[in-house]
Amino acid sequence: MLTMPIVLVHGNPETDAIWAELRQHLGRSDVLALSPPGFGAPVPSGFGATSDDYVAWLKAELERIPGPIDLVGHDWGGGHVVRLVNAHPEVARSWTTDIAGCFDPEYVWHERAQVWQTPGAGEASIAQQAAAPAARVVQRYVEAGMTRAVAESCVAAFGDDMGRCILALYRSAAQPKMAEWAADLAGVRTRPGLVIIATEDHYTGGEVLARRTAERAGAEVAMLDGLGHWWMCQDPKRGAAAIASFVARLDAK
């Protein structure tokens, strides 16, 4: 049976290390991980790091990959995936996101995001993180759900470029932008979609908002009870099974 490549896209403040164990559990050789500029990858000259810039970046990357593609996004990677497929459904056979709740009209950005969106306060927050001892930041990420190896990779990747990209990206998506981008989800409705809901992820709006977006997008829902924002690190086997089951149903059609 012919299979389609699975393309993974991560978010903030991450590197593609977050997918390492999940990729092993998928057990396939055609799984690719793309690193957005500033998040484990160099930032091209002139790259503005707005949401629009990342959508254009992802489109260009996918055009280099023989498809059709099953596209999976986590955190801001999930935001780029939804926005791109909604505008250009032809880039993917299917899409998966774990931040569907962020596209609900009632979504309110989490506290840290609101700090980053505030001139002055955002720069101070980034400077504070840059000055913090690496071991302390690693431990904070581990307590939040990353494995130690993943946390060390993410902390090592944090620098001036990532800091600038964080601020530009979040400021470009301050409300009402997220609601405006998702006011019409006709594009994603033309492709099979999967909304992953990790019940202990407190950054993305919760189950009610995620389910509402899934319904508007015509997407399936996969519940990951008891897992948080970094579900792919906490239980990579269960996360991989949710993705693999969805893709297998598409392959069988």
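Overview of values
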{"quantity": "Where R164 falls short, out of the listed (1) more than 13 Å from E14 (Cα to Cα); (2) open to solvent by less than 70 Å² (accessible area, probe 1.4 Å)", "calculated": "(2)"}
{"quantity": "Qualifying residues in region 191-206 (those that are open to solvent by 80 Å² or more (accessible area, probe 1.4 Å) and not aromatic (F, W, Y)) - the one farthest from the chain's Cα centre (by Cα)", "calculated": "E200"}
{"quantity": "Test: residue in region 216-227 that is in contact with a Phe, Trp or Tyr (Cβ under 9 Å, 6 or more places away or on another chain) and in a helix (DSSP H, G or I)", "calculated": "yes"}
{"quantity": "Residues of region 82-105 satisfying the condition of being over 22 Å from G206 (Cα atoms), assigned to a loop (DSSP other than H, G, I, E, B) and either of a type in the set (D, E) or open to solvent by less than 10 Å² (accessible area, probe 1.4 Å) (or both)", "calculated": "A92"}
{"quantity": "Every residue from region 8-62 that is assigned to a helix (DSSP H, G or I), touching a Pro at 6+ places or on another chain (Cβ under 7 Å) and open to solvent by 20 Å² or more (accessible area, probe 1.4 Å)", "calculated": "E21, H25, W57"}
{"quantity": "Residue match in region 106-115 (condition: within 18 Å of E207 (Cβ to Cβ), surrounded by fewer than 24 Cβ atoms within 10 Å (Cβ to Cβ) and more than 19 Å from the chain's Cα centre (by Cα))", "calculated": "yes"}
{"quantity": "Search result, residues across region 129-148 that are touching a residue at least 12 places away in the same chain (Cβ under 8 Å), touching a helix residue (DSSP H, G or I) at 6+ places or on another chain (Cβ under 7 Å) and open to solvent by 40 Å² or more (accessible area, probe 1.4 Å)", "calculated": "A130, A134"}
{"quantity": "Of residues in region 68-81 being closer than 13 Å to G11 by Cα and among the hydrophobic types (A, V, I, L, M, F, W, C), the one surrounded by the most Cβ atoms within 10 Å (Cβ to Cβ)", "calculated": "V72"}
{"quantity": "Which numbered condition T118 fails, given (1) polar (S, T, N, Q); (2) surrounded by fewer than 18 Cβ atoms within 10 Å (Cβ to Cβ); (3) assigned to a helix (DSSP H, G or I)", "calculated": "(3)"}
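The values are calculated or read from the model by the stated rules, or taken from the named source; none is laboratory data. As the structure is a computational prediction, the values presented were derived from the model and not from experiment. Here Cβ is always computed from backbone atoms with ideal geometry, including for glycine, and neighbour counts include all displayed protein chains. Accessible surface areas use protein heavy atoms only, side chains included; no ligands, DNA or RNA. Shrake-Rupley method; radii C 1.70, N 1.55, O 1.52, S 1.80 Å.
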